[in-house]
Amino acid sequence: MIDPIRLVWVYPDLLSTYGDRGNVLILERRARLRGLPVELIEVNSDQPVPRDGSIYLMGGGEDLPQTLAARRLLADGGLHDAAARGAVVFAVCAGYQLLGTEFGGVDDSPVQGLGLLDMRSGRGEQRAVGEIVADVDPALNVGRLTGFENHQGVTRLGPNARPLARTSLGTGNGDGTEGAYSGRVLGTYLHGPALVRNPGLADLLLYWASGPLPQLPPQAEELANQMRAERLAAVSAG
Amino acid sequence: MDDNTHHRSRLPMRARVATTVGGAAATVSRIAGKGDGSVIGGIIGLRLAPDLLSLLATGREIVLVTGTNGKTTTTKLITAALAPLGGEIASNIYGANMEAGLTSALSRAPGARVAVLETDEKYIPSMVKATRPRVVTLLNLSRDQMDRAAEIWLLARRWRDALAAAPDCRVVANADDPLVAWAASSARQVTWVAAGQRWREDSWCCPHCGAHLLRDGDDWSCRECGHRRPPVSWILQGDDVIDPAGRATRLDLALPGRANRSNAVIALAVAEAFGVHLTQALAELRGVTSVAGRYTQVNRRGCDIRLLLAKNPAGWLEALDVMAPPPVPILLSVNAQGPDGRDTSWLWDVDFRRLRGRHVLVGGERRLDLAVRLEADAVPFRLISNIDEAVDVALTVAPKLEVLANYTAFQQYRVALGRVQ
């Protein structure tokens, strides 16, 4: 019997504003279609974070919940233990900023982040709202990112984090790069259900968690690929 | 000499000119077929007299109605409930709910002593200041069109500050929504209504201190800071309203669904603040059958179509609750134009699993987004490209069709069905 992939959704009570459940559902679907069993664990902010998860997910949130989440995760230590063990961490938007050493909290006062990625974030001049397209680091072997961003963050990476992608449309980190990764910890400004439009990224996370993946039957991917193509075509036409 | 002339003559000259010119512009806009003209009329009036709204509000008893969902319907219900007062009631029933829309509603009804005004959530602070309302009604607060709306905790904080600065205003607020209750608790006079909260994904944490809230049915409290659900005087209980004296009365509305029963109880609480008795007000509420085209029944080639509009996850959740039972097919339709919000991420916050086993049709400009969403919830569906294709399918299973659409998708179907001139 195969060990299930343990998907741990971290603090949906604090960090879930933009359809973040989509990432959980897509990972679950793409694993099950391959015959891989999945166990889903939702951890609220008043519960301990389990240390034995395979993939940890964090979503978006407003400034106050983001600050509270940082404080609790630092005190809890579960996510740090899991990451040190080599578990996969995937975070979007506010969750992404949390992964760094510092981010801008309420009124942009600096708040200590989790320090799982070598980067710091603050507030930019303008809110970045709209479609984003970015080309992923070739080392990761994932297709173009397409998504929606809605944030006012600016993120600068240190030498120990690599940019996830280079933006060809949209703002991302604010310096032509988008997202960051280091080992199996990966974050992006593509908010909410980022994995829905980027099934390649979903498969990368599954691969990191459980090794080489069997092919999906093509009809299982047909709609997702159509939707992805429609989005990419819509932004290149506009 | 009627009331109309009377109220106008009390306005300063430049306000009179501004309302006249604004009114003329609205008429031109209507004739040109550019909507009902309320926004352009208001904009021109405000150009000529920036304090026009305050001037027009002076001497009137104003009710502002806000919340993420149910604003338009509740505005219509409150207007109906206040009819027993007699006399004209000013209102912006077509949903023009920012400064220009409110200005236009008041300038079109110079004789109205009472005004019931739907107000965009973001505009509450400035509109409370400008109109000095007698009552502010706070319905609910949840995620909505996040690419253009402010974040909701920030909104609640702004409401809270605005109400603290308006001591003469009575607030009628939903005590079951923790974010609303936190905003309203800064006001000096509050009528608390247990209006229910179906959507809870935005209120798991205490708005005051951020701790995870304890919840027991509709009750909620924070064990960290002690912030808790206030004691209520009006209650929605199933199909009944319980009034402050503890008497239960069956609502029996023509409008469907829990959300509308909730809106109705709030309307009754507002009516009471104006001295209108429950039985009189309720009789008026029962006469409301459709609100700006919503809940309308249309017949197309022998198929009865009902149109429901919902714009965000909380609204979709409530709308899915009122769907006719199988085998009636359901057409879901989503666009992502400006007024809808250009981001469809919210679809992933709606649980569609309850549609498994039903005839589901999927339309709208972003039907692929919806299709992928339904696929993830293992809900079989069929893609359609226009309302007639949906009617064709509906006629093979039941001569009925339920349509649930977001804003511009809903308007497109209304046009296609000949419900808009």
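The values are calculated or read from the model by the stated rules, or taken from the named source; none is laboratory data. Predicted model only: the values in this text are computed from it and were never measured. Ideal geometry is used to build each Cβ from the backbone, glycine not excepted, and the neighbour counts take in all protein chains shown.
Determine, yes or no, whether B:Arg30 is at pLDDT below 65, under 30 Å from B:Asn260 (Cβ atoms) and assigned to a helix (DSSP H, G or I). Yes: the conditions hold for B:Arg30. For region A:1-21, how many residues are within 11 Å of another protein chain (Cβ to nearest Cβ), touching a residue at least 60 places away in the same chain (Cβ under 8 Å) and either part of a strand (DSSP E or B) or surrounded by fewer than 24 Cβ atoms within 10 Å (Cβ to Cβ) (or both)? Going through region A:1-21 one residue at a time, the tally reaches 1. Taken as a whole, the structure leaves B:Ala371 outside the set of residues that are touching a Gly at 6+ places or on another chain (Cβ under 7 Å) and among the small types (Gly, Ala, Ser). Taken over region B:162-183, the residue count meeting the criterion of being out of contact with any strand residue (DSSP E or B) (no Cβ under 6 Å at 6 or more places or on another chain) and either in the same structural domain as B:Leu317 (by TED's automatic domain parsing) or closer than 30 Å to A:His191 by Cα (or both) is 5. Checked against the criterion of being touching a Gly at 6+ places or on another chain (Cβ under 9 Å) and either within 14 Å of chain B (Cβ to nearest Cβ) or in contact (Cβ under 8 Å) with a residue 40 or more places away in the chain (or both), region A:216-225 has no qualifying residue. Scanning region A:217-238 for residues that are touching a Leu at 6+ places or on another chain (Cβ under 8 Å) and either of a type in the set (Asp, Glu) or at pLDDT 95 or above (or both) yields a count of 4.
Taking every residue in region A:28-49 that is within 30 Å of A:Arg71 (Cβ to Cβ) and at pLDDT below 95 and pairing it with any residue that is in a helix (DSSP H, G or I) and not polar (S, T, N, Q), at least 6 positions away or on another chain, the pairs with Cβ-Cβ distances below 6 Å are A:Ser45/A:Arg72.
B:Thr103 meets the conditions (1) more than 24 Å from B:Asn140 (Cα to Cα); (2) polar (S, T, N, Q); (3) touching a Ser or Thr at 6+ places or on another chain (Cβ under 7 Å) in every case but one. The failed one is (3).
Residue-wise test of (1) more than 27 Å from A:Ala82 (Cα to Cα); (2) within 14 Å of chain B (Cβ to nearest Cβ); (3) assigned to a strand (DSSP E or B); (4) touching a helix residue (DSSP H, G or I) at 6+ places or on another chain (Cβ under 7 Å).
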position	(1), (2), (3), (4)
A:Ala165	no, no, yes, no
A:Thr171	yes, yes, no, no
A:Asp175	yes, no, no, no
A:Tyr207	no, no, no, no
A:Arg228	yes, yes, no, yes
A:Ser236	yes, no, no, no
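Applying the condition of being under 30 Å from A:Leu232 (Cβ atoms), aliphatic (A, V, I, L, M) and more than 16 Å from the chain's Cα centre (by Cα) to region A:104-156 and asking which residue is nearest to the other protein chains (Cβ to nearest Cβ) yields A:Val129.
Table: residues versus (1) surrounded by fewer than 23 Cβ atoms within 10 Å (Cβ to Cβ); (2) touching a Ser or Thr at 6+ places or on another chain (Cβ under 9 Å); (3) over 21 Å from A:Trp208 (Cβ atoms).
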{"residue": "A:Ala91", "(1), (2), (3)": "no, yes, no"}
{"residue": "A:Glu102", "(1), (2), (3)": "yes, yes, yes"}
{"residue": "A:Gly105", "(1), (2), (3)": "yes, yes, yes"}
{"residue": "A:Asp108", "(1), (2), (3)": "yes, no, yes"}
{"residue": "A:Val111", "(1), (2), (3)": "yes, yes, yes"}
{"residue": "A:Met119", "(1), (2), (3)": "no, yes, no"}
{"residue": "A:Gly124", "(1), (2), (3)": "yes, yes, yes"}
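Those strands (runs of 3 or more DSSP E) of region B:194-253 in which 1 or more residues are more than 25 Å from the chain's Cα centre (by Cα), more than 14 Å from every other protein chain (Cβ to nearest Cβ) and of a type in the set (D, E, K, R) occupy B:214-216. Do we find a residue being under 15 Å from the mean Cα position of the chain (by Cα) and closer than 29 Å to A:Leu79 by Cα anywhere in region A:213-231? Within region A:213-231, not a single residue is under 15 Å from the mean Cα position of the chain (by Cα) and closer than 29 Å to A:Leu79 by Cα. Just one residue in the set A:Ser54, A:Ser45 is away from every other protein chain (no Cβ under 14 Å) and hydroxyl-bearing (Ser, Thr, Tyr); that residue is A:Ser54. Residue count for region B:336-359 satisfying the condition of being more than 20 Å from A:Ile26 (Cβ to Cβ) and either more than 8 Å from chain A (Cβ to nearest Cβ) or aliphatic (A, V, I, L, M) (or both): 9.
Only a single criterion out of (1) within 27 Å of B:Gln145 (Cα to Cα); (2) of a type in the set (Asp, Glu); (3) surrounded by fewer than 24 Cβ atoms within 10 Å (Cβ to Cβ) is not satisfied by A:Glu221, namely (1). Residues that are of a type in the set (Gly, Ala, Ser) and either at positive phi or not in a helix (DSSP H, G or I) (or both) within region A:209-226 comprise just one, A:Gly211. Within region B:74-101, being modelled with pLDDT of 95 or more, surrounded by fewer than 24 Cβ atoms within 10 Å (Cβ to Cβ), of a type in the set (A, V, I, L, M) and more than 15 Å from B:Leu64 (Cβ to Cβ) holds for B:Ala80, B:Ala83, B:Leu85. Please tell me if B:Arg373 is crowded, with 17+ Cβ neighbours inside 10 Å and within 12 Å of another protein chain (Cβ to nearest Cβ). Taking the combined requirement at face value, the residue satisfies it. Only one of the numbered conditions (1) farther than 24 Å from B:His208 by Cβ; (2) touching a strand residue (DSSP E or B) at 6+ places or on another chain (Cβ under 8 Å); (3) surrounded by fewer than 18 Cβ atoms within 10 Å (Cβ to Cβ); (4) within 14 Å of chain B (Cβ to nearest Cβ) is violated by A:Leu33, and that is (2).
The set of residues in region A:158-172 being without any contact (Cβ under 8 Å) to a residue 40 or more places away in the chain and under 17 Å from the mean Cα position of the chain (by Cα) consists of A:Arg162, A:Pro163, A:Leu164, A:Ala165, A:Arg166, A:Thr167. Of everything listed in (1) at the interface with chain A (Cβ under 9 Å from one of its Cβ atoms); (2) out of contact with any helix residue (DSSP H, G or I) (no Cβ under 8 Å at 6 or more places or on another chain), the single unmet condition for B:Ala324 is (1). For region B:130-150, the condition of being surrounded by 22 or more Cβ atoms within 10 Å (Cβ to Cβ), under 17 Å from B:Ala96 (Cα atoms) and either more than 18 Å from the chain's Cα centre (by Cα) or within 14 Å of another protein chain (Cβ to nearest Cβ) (or both) holds for at least one residue.
For region B:350-367, a residue qualifies if it is surrounded by 20 or more Cβ atoms within 10 Å (Cβ to Cβ) and either of a type in the set (Gly, Ala, Ser) or more than 16 Å from B:Leu404 (Cα to Cα) (or both), and the qualifying residues are B:Gly363, B:Gly364.
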